[in-house]
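Have a look at the structure below before the remarks.
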């Protein structure tokens, strides 16, 4: 007998999210490890919030949502909130019930920034690395340090002479066009007025120079896990310097010595 294609609506929902997620789903193990790490950070969370006022997004839920954003390559907070509206798996992982409202994307962003300013992200990574189920996956025999350019939120027009000797454009408005033709600019004589820490840097010959920083990640090569990370000013020796610093930091946290590591160029 052919089934009906009609959609039946119901006033009440009886969906048990726990029963909808298969027992061997990889996110079950990940959630268990993440929850153990989040429990270790409970006191750090308490320091970020006052004892009165309107309740914020639970930091545990926010960090679980950030993990999903990385796992599934979700490009923005707006898209993440959209996925949480209809994806039962994502709701279960974050800790939202079927009928719980999803946060506004701007509210999510503000609460996320509060955690990042409190250095919770780095503490969360360290807490994850300290879990037994993660520790046994880590190798001390072979590591790689990779670097990538992170473009600064500063216009190239803000890269001005430190002595104030620039000639402003005659064009109207604050963002008037400027011509840099035949003008020699370097980090020794010039600096961004909007982001003084950013430096002019390029990947290689024939590539455009941009105001940027360099992000660094220390990876263990047995399972390809990132164990440490950081950001530095863009200099010609930044990757080598940060590679040694990350290795030394990991040695201090690890019970075993790192035996071999490689450095990759920015990309």
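Read-outs throughout are calculated quantities, based only on the coordinates presented, and are distinct from any laboratory measurement. Fair warning: this is a prediction, and the values are worked out from it, not measured in the lab. When we count neighbours, we look across all protein chains shown, and the Cβ atoms used for this are built from the backbone with ideal geometry, even at glycine.
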Checklist outcome for this item: Here, region 17-129 modelled as identical Cα point scatterers in vacuum has Debye log10 I(q)/I(0) at q = 0.12, 0.14, 0.16 Å⁻¹ of -0.42, -0.58, -0.76
Checklist entry - What does the convex hull of the alpha-carbon atoms of region 116-168 project to on average, in nm²? => result 7.2 nm²
Checklist entry - Taking the highest mean first, how do the peptides 48-61, 210-223, 92-105 order by number of other beta carbon atoms within 10 angstrom per residue? => result 210-223, 92-105, 48-61
Item to check | Residue-span extension gain [residue 142 to residue 155] - 0.36 nm each, minus C-alpha spacing | outcome: 0.7 nm
